[in-house]
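Asks: Below is one structure. I have some questions about it.
The values are calculated or read from the model by the stated rules, or taken from the named source; none is laboratory data. Here the structure is a predicted model, which is why all the values come from computation and not from measurement. Reconstructed Cβ throughout: ideal geometry from the backbone, glycine too, with neighbour counts over all protein chains shown. When the accessible area is computed, the model is the full protein with side chains, heavy atoms only, and any ligands, DNA or RNA have been set aside. Shrake-Rupley method; radii C 1.70, N 1.55, O 1.52, S 1.80 Å.
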Amino acid sequence: MQLQISSSFEEQSSTIIIMDKKEKAKERKEKRRQEISLLRTIPYSDHQRWWSSDTIAVVTGANRGIGFEIAHQLASHGISVVLTSRETAVGEEAVKVLQEGGLNVSFHQLDIVDLASVQAFCDWIKETYGGLDILINNAGVNFNYGKENSVEFAETVIQTNYFGTKNMIKALIPLMRPSPAGARIVSVTSRLGRLNSKRNGISNVSVRQQLEDVDTLSEEVIDNTMNKFLEQVKDGTWESEGWPHVFTDYSLSKLAVNAYTRLMARILEERPEGHKIYINCYCPGWVKTAMTGWAGHVSPEEAADTAVWLALLPDQFVSGKFFAERREINF
């Protein structure tokens with residue numbers, strides 16, 4: 001009897017501790033959200049504003065959700081924004097809404113997976129603006145909701161979220177205009193793509209070590225990792241290979257973008273002053289948008305904030321880092 005009472009007491013104590021930790025974490029998160037809401041109300045001073053109405057920002061997949069809000073916030077800061085969407089009609093409608101609010105936003109159709117579409121977009125940017133200053137890689141897809149973990153659309157997810165994002169970075173770097181403040185690239189990724197996540201990391205030590213070591217990291221290593229996963233999806237062995245177990249295809253696609261961000265930061269750091277390009281990625285949180293089946297708890301306005309903050313940092317010497325809620329987090 002005494003053993004049963006003791007065991008029951010320990011279980012109850014453990015439950016209370018867990019609940020207390022969750023409550024404290026919730027309180028910290030809410031406090032941070034309030035802090036950021038306040039920070040957003042503080043205008044940039046004249047000496048902080050390195051940009052002008054001639055500054056060109058491209059936001060991919062911006063017809064709705066986070067992308068639309070990033071375009072909205074950047075344009076609200078007086079930047080000229082090019083909003084892109086795979087579907088022309090919805091993209092033009094999104095631009096119309098922003099233009100009616102007095103914002104300088106234009107539209108161009110873009111499918112980041114289609115190399116011909118990417119080239120046509122680059123040609124148009126060069127001809128129309130002479131180049132760009134900010135690239136926000138927001139376009140992406142996800143086909144899992146709730147507790148689902150299907151890999152039926154893994155090929156589409158990896159091709160869009162990783163290879164498509166890589167297409168844009170490679171194609172637009174030559175068009176990024178020189179300036180004392182440097183050009184900026186920000187990619188929307190996810191904490192689900194963290195290498196060493198206790199709950200959703202890569203348990204295959206060899207693969208993890210290859211992706212961890214930024215000095216030996218290469219595009220080939222990242223590509224091969226993604227292709228290896230897709231091959232295992234096709235032959236049905238992916239579940240036993242140590243991949244993330246939550247939203248596996250989506251998590252891996254974002255892990256790849258995180259890794260590519262670190263790789264490109266290393267490559268771009270060699271550029272001379274006046275030609276610098278700073279590249280970072282960030283997690284917007286679990287956002288209430290169509291991609292999450294409207295199940296998120298973060299508003300698109302809050303989710304867009306860190307992307308805009310990174311794009312506009314007055315003294316941008318940060319590159320190759322991962323952020324959430326305006327704070328650096330681990331890869």
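Asks: Please go through the stretch 72-94 and pick out each residue that is in contact with a helix residue (DSSP H, G or I) (Cβ under 8 Å, 6 or more places away or on another chain) and under 16 Å from residue 112 (Cβ atoms).
Replies: Once the filter is applied, which keeps residues that are in contact with a helix residue (DSSP H, G or I) (Cβ under 8 Å, 6 or more places away or on another chain) and under 16 Å from residue 112 (Cβ atoms), the stretch 72-94 yields 82, 83, 84, 85.
Asks: For the stretch 4-27, state whether one or more residues are within 22 Å of the chain's Cα centre (by Cα) and either modelled with pLDDT of 85 or more or surrounded by 10 or more Cβ atoms within 10 Å (Cβ to Cβ) (or both). Quick ask: steps written out before the conclusion?
Replies: Restricting attention to the stretch 4-27, the residues satisfying the condition of being within 22 Å of the chain's Cα centre (by Cα) are none.
No; the residues of the stretch 4-27 include none that is within 22 Å of the chain's Cα centre (by Cα) and either modelled with pLDDT of 85 or more or surrounded by 10 or more Cβ atoms within 10 Å (Cβ to Cβ) (or both).
Asks: Give me the residue from the stretch 70-117 that is more than 21 Å from residue 300 (Cα to Cα) and either at pLDDT below 95 or outside any loop (DSSP other than H, G, I, E, B) (or both) and, out of that set, most open to solvent (accessible area, probe 1.4 Å).
Replies: Taking the candidates together, the pick is 115.
Asks: Further, regarding this structure: Answer yes if at least one residue in the stretch 255-274 is closer than 22 Å to residue 154 by Cβ, crowded, with 21+ Cβ neighbours inside 10 Å, touching a residue at least 24 places away in the same chain (Cβ under 8 Å) and in contact with a Leu (Cβ under 7 Å, 6 or more places away or on another chain), and no otherwise.
Replies: Going residue by residue through the stretch 255-274, those that are closer than 22 Å to residue 154 by Cβ are 255-261.
Then keep just the ones that are crowded, with 21+ Cβ neighbours inside 10 Å; that gives 255-261.
Next, from what is left, pick out any that are touching a residue at least 24 places away in the same chain (Cβ under 8 Å): 255-261.
Adding the requirement that they be in contact with a Leu (Cβ under 7 Å, 6 or more places away or on another chain) leaves 255, 259.
Within the stretch 255-274, one or more residues are closer than 22 Å to residue 154 by Cβ, crowded, with 21+ Cβ neighbours inside 10 Å, touching a residue at least 24 places away in the same chain (Cβ under 8 Å) and in contact with a Leu (Cβ under 7 Å, 6 or more places away or on another chain).
Asks: Considering only the stretch 118-143, state which residues are open to solvent by less than 20 Å² (accessible area, probe 1.4 Å) and over 21 Å from residue 188 (Cβ atoms).
Replies: Residue satisfying the conditions is 131 alone.
Asks: Take the residues in the stretch 164-178 that are touching a residue at least 60 places away in the same chain (Cβ under 8 Å) and open to solvent by less than 30 Å² (accessible area, probe 1.4 Å); name whichever of them is farthest from the chain's Cα centre (by Cα).
Replies: 176
Asks: Would you say residue 277 is open to solvent by less than 40 Å² (accessible area, probe 1.4 Å), β-branched (Val, Ile, Thr), under 28 Å from residue 63 (Cα atoms) and touching a helix residue (DSSP H, G or I) at 6+ places or on another chain (Cβ under 8 Å)?
Replies: yes
Asks: If you go through the stretch 242-253 one residue at a time, do you hit one that is assigned to a helix (DSSP H, G or I), of a type in the set (Phe, Trp, Tyr), open to solvent by 10 Å² or more (accessible area, probe 1.4 Å) and closer than 20 Å to residue 33 by Cβ?
Replies: no
Asks: Every residue in the stretch 192-235 that is farther than 20 Å from residue 151 by Cβ, in a helix (DSSP H, G or I) and open to solvent by 60 Å² or more (accessible area, probe 1.4 Å), please.
Replies: 205, 206, 209, 210, 212, 220
Asks: Residues being closer than 19 Å to residue 259 by Cβ and among the hydrophobic types (A, V, I, L, M, F, W, C): count how many of those fall in the stretch 142-170.
Replies: Total meeting the criteria: 6.
Asks: Please name all residue pairs, on different chains or six or more residues apart, with Cβ atoms under 9 Å, provided the first residue is in the stretch 97-114 and is in contact (Cβ under 8 Å) with a residue 24 or more places away in the chain and under 24 Å from residue 156 (Cβ atoms) and the second residue is open to solvent by 40 Å² or more (accessible area, probe 1.4 Å) and small (Gly, Ala, Ser).
Replies: 108/120; 109/120; 110/120
Asks: When you look at residue 156, is it open to solvent by 60 Å² or more (accessible area, probe 1.4 Å) and either β-branched (Val, Ile, Thr) or touching a Ser or Thr at 6+ places or on another chain (Cβ under 6 Å) (or both), yes or no?
Replies: Taking the combined requirement at face value, the residue satisfies it.
Asks: Then there's this: So which of 190, 85, 150 is within 15 Å of the chain's Cα centre (by Cα) and polar (S, T, N, Q)?
Replies: Working: 85 fails: within 15 Å of the chain's Cα centre (by Cα); 150 fails: within 15 Å of the chain's Cα centre (by Cα).
Result: 190 is the single residue among 190, 85, 150 that is within 15 Å of the chain's Cα centre (by Cα) and polar (S, T, N, Q).
Asks: Now for a separate question. Of everything in the stretch 300-325, what is assigned to a loop (DSSP other than H, G, I, E, B) and surrounded by fewer than 16 Cβ atoms within 10 Å (Cβ to Cβ)? Give them in sequence order.
Replies: Listed by number, the residues that qualify are 314, 315, 317, 318.
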